[in-house]
Amino acid sequence: MLEINNLDVSYDKIQVIWDLSLKISNNEAVGIFGPNGSGKSTLIKAIMGLVSAGSGEVIYNGESITDFETHNITKKGIALVPQRRELFPLMSVKENLRLGAAYIPKARKRIEENLQSIYQIFPILKEREKQLAGTMSGGQQRMLAVGRALMSNPKLLILDEPSIGLQPSLVTDLFKKLNEIKKQDVSVLLAEQNVRQGLKVIDRGYVLENGKIAFADNAEKLSNNEHIQKTYLGL
């Protein structure tokens, strides 16, 4: 589905991503782990066309999208849940959800169907559909952001640090929901500092350190990796 080949990304003269390659297959959940400054968010921005690649290529379903604008990448079937959620606080929950499909022709035809599907995954959004988004708790806003992204009928859902700012119980709940989303014929790319929780929902993972891939393996082997246990899991 998604293939990144030898990607380099820089901000001005400071290189952040170095010769990075990774793959995501259909119906697969892949994690990108690493500390702040490791390049996780920059990698996501490069996939979404929010920053330009210095070299390398991003291929989606056999087509290079390296130089595509963000709105065209979204129309191809890739949706991003940004780190800061970026909801419309003075609009209702339902209005925010409907906006997720507003500019995607295929999704506009399935708005009501998709709403019901998202309400099944996140019942709290159905309960609060008339509430202003800005008055919801942090965890509820995060679920709304995920639901809005799913309204575009993506084949690949990208989440940038979804656990940031959430108390542990809400993080656990959110990651349980990701397991449900995996069953909806949607591939998931998860960028996350919370390695312990992230490893529970992915099939494979990559660990970034200083903009380079330090480790890549399936979730079980990453969990048992001595360096990861000491550095990220506190074992």
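Quick notes on this one:
- Structural descriptor for the range 129-230: relative contact order 20 percent, calculated from alpha carbon pairs under 8 angstrom and at least 6 residues apart.
- Overall form of the range 32-102 per C-alpha gyration tensor (a/c, 1.5; a/b vs b/c): oblate
- Packing rank of 73-86, 29-42, where each peptide gets the mean count of other beta carbons within 10 Å, highest leading: 29-42, 73-86
- Accessible carbon and sulfur surface of the range 85-227 relative to its total accessible area, %, 1.4 Å: 49
- Straight-distance crosslink candidates among aspartates and glutamates, where the alpha carbon sits under 19 Å from Lys221 and sequence neighbours closer than 8 are dropped: Glu28, Glu192, Asp203, Glu209
- Shape call, the range 109-191: gyration tensor on alpha carbons, a/c limit 1.5: oblate
- For the range 95-110, backbone phi angles converted through the Karplus equation (6.51, -1.76, 1.60; θ = phi - 60°) give residue-by-residue couplings of 5, 4, 4, 4, 5, x, 10, 4, 10, 10, x, 5, 6, 4, 6, 10 Hz, Gly and Pro being listed as x.
- Relative contact order (percent, whole number), the chain, Cα cutoff 8 Å, 6+ residue spacing: 27
- In terms of its alpha-carbon gyration tensor, the range 1-126 comes out prolate; a/c meets the 1.5 threshold, and the first ratio a/b outweighs b/c.
- Over 26 Å (Cα to Cα) - which of Lys13/Lys230; Lys76/Lys183; Lys75/Lys130; Lys106/Lys200; Lys13/Lys75; Lys45/Lys182 fall in this group: Lys13/Lys230; Lys75/Lys130; Lys106/Lys200; Lys13/Lys75
- Ranked by the mean number of other Cβ atoms within 10 Å of their residues, highest first, the peptides 192-199, 157-164, 118-125 come out as 157-164, 192-199, 118-125.
- Accessible surface, the chain, averaged per residue in Å² (probe 1.4 Å): 48
- Euclidean distance of C-alpha centroids, the range 119-194 and the range 5-40, integer Å: 22
- Residue-by-residue Karplus 3J(HN,Hα) for the range 38-51, coefficients 6.51, -1.76, 1.60, Hz, glycine and proline x: 7, x, 4, 5, 5, 4, 4, 4, 5, 4, 8, x, 8, 9
- Dipole-positive endmost among Gln229, Pro105, Val93 within the range 92-235 (Cβ charges, Cα centre): Pro105
- Summary of packing: across the peptides 216-226, 132-142, the per-residue average of other C-beta atoms within 10 Å ranks them, highest first, as 132-142, 216-226.
- Karplus-based coupling profile of the range 65-82, in residue order and whole Hz: 10, 4, 9, 6, 7, 4, 5, 6, 5, 4, 5, 6, x, 10, 10, 10, 9, x, with θ = phi - 60° in 6.51 cos²θ - 1.76 cosθ + 1.60 and x standing for Gly or Pro.
The values are calculated or read from the model by the stated rules, or taken from the named source; none is laboratory data. Note that the structure is predicted; figures quoted are calculated from it, not measured. Glycine gets a Cβ as well: all are built from the backbone with ideal geometry, and neighbour counts include every protein chain shown. For accessibility, only protein heavy atoms count, side chains too; no ligands or nucleic acids. Shrake-Rupley method; radii C 1.70, N 1.55, O 1.52, S 1.80 Å.
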